[in-house]
Amino acid sequence: MRSSFRTIVVSTLTLILSSTLASAAEVRVLSVGSTQIAAKAIEKTFDAVILSVPAMDSHDEAGDLAPMSRVALARVGVAVVVKEGGFVPDISTPEKLKATVLAARSLIYTDPATPNTSGAITGAALAKLGILDEIKGKTRHAALTVGGELVAKGEVELGFFNLSEIPKGVTVAGALPGPLQGYTVYEAAVLSKGSTDQAATAFVKYLASAPAAAHWEAPSWARAISFDTALTSSTRDQLQ
C-alpha cells in the first residue's frame, strides 16, 4: 500500500512510543506497497519492515529478519472503480461483474505476474469468469498511479485496485464478489541488521496486538482491511 498504509503505520508508531514504551525511542520502519522497492530499500538500515507475504518469505530465507519476529497484520481485498461522477455499475455478483467487464470499453489493473497483488487477484478473478482471453484486447496493465489517473480522466472505464489505496478522482463500484475475491496479505518483522533495542520488537508486537486492530479496521478502511487475529495471536505467543 502507499500513502494511506504508511499513514496508519506512522500513527501506530506514535501511539506505541507514547503509551507503551517507558522512554523515548526511534524505530525506523520501512512500509511500502511495492515489494520490489522494499527489496532494494532493505539494503539500507531500518529496524522493522512491513511487506506482503511473498517478499517477507524471501527476506526471511535470506536471513534479513530477526528470528521469530514475523507477525501477520492484515489482508486487503480488491475493488472495481470508475470515474468519479460517472455511471456506477452493479458488480455485486460474479454474473453482474462479468456483464460489466464485457460491456466496458476498457479496463486496467496492475501486472498480474506479480504474486499476492491486486493485479494477480484481478487476473485470477477474470480467469474464473472465463473471459480473460475475450477481453485481452481492451485490457491494460499499469501501476496504481498511472492506472488511477487514466480511470479518473475517463480514458479507461474500469480499474481494479486494492480497497486500501483507491486513487483520487474515482468512485468505488464495489469489491470483487465473494467467490472471486482474493487478498494481499501483509506482515511485519524486525530486521536483523537494524537496532537491537527492544523498541523495534515492541513496535512490531504492538502492530499485531488486539488494541491495534482498531487502527487497521478504522471506519474508512472497513471494507479494505481485515485484521488477522487468528494468525497474530499465534505469532504473539511465540514472541512472548
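The values are calculated or read from the model by the stated rules, or taken from the named source; none is laboratory data. These numbers come from a predicted model, not from an experiment. Using ideal geometry, Cβ is built from the backbone for each residue, glycine included, and neighbour counts are taken over all protein chains shown. Note: accessible area is taken over every heavy atom of the protein model, side chains too, but ligands, DNA and RNA are not part of it. Shrake-Rupley method; radii C 1.70, N 1.55, O 1.52, S 1.80 Å.
Highlighted here are the helices (runs of 4 or more DSSP H) found entirely within segment 88-171 that include at least 3 residues which are charged (D, E, K, R), farther than 28 Å from VAL53 by Cβ and open to solvent by 20 Å² or more (accessible area, probe 1.4 Å): 94-103. So in segment 27-41, with the set limited to residues that are within 16 Å of the chain's Cα centre (by Cα) and part of a loop (DSSP other than H, G, I, E, B), which one is modelled with the lowest pLDDT? Filtering first and then ranking leaves SER34. Taking segment 196-219 as the range and being open to solvent by 40 Å² or more (accessible area, probe 1.4 Å) and either modelled with pLDDT under 85 or within 11 Å of LEU73 (Cβ to Cβ) (or both) as the test, the residues that pass are THR196, ASP197, GLN198, ALA210, PRO211, ALA214, HIS215, GLU217, PRO219.
When you check GLY194 against the structure, is it of a type outside the set (A, V, I, L, M, F, W, C), in contact with a helix residue (DSSP H, G or I) (Cβ under 7 Å, 6 or more places away or on another chain) and touching a residue at least 24 places away in the same chain (Cβ under 8 Å), yes or no? In short, yes.
For GLY63, the conditions (1) small (Gly, Ala, Ser); (2) at pLDDT 85 or above; (3) at negative phi are fulfilled apart from (3).
Select from segment 42-76 the residues that are under 24 Å from PHE161 (Cα atoms) and open to solvent by 40 Å² or more (accessible area, probe 1.4 Å) and write down the one among them that is nearest to the chain's Cα centre (by Cα). Step through it out loud before you land on a result.
Step one: of segment 42-76, the residues under 24 Å from PHE161 (Cα atoms) are 49-57, 72-76.
This time we only want the ones that are open to solvent by 40 Å² or more (accessible area, probe 1.4 Å), so: 54, 57, 75.
Details: PRO54: 12, ASP57: 16, ARG75: 7 Å.
Across segment 42-76, the extreme among qualifying residues is ARG75.
Which residues, taken from segment 160-189, are β-branched (Val, Ile, Thr) and at pLDDT 90 or above? Of everything in segment 160-189, those that are β-branched (Val, Ile, Thr) and at pLDDT 90 or above turn out to be VAL170, THR171, VAL172.
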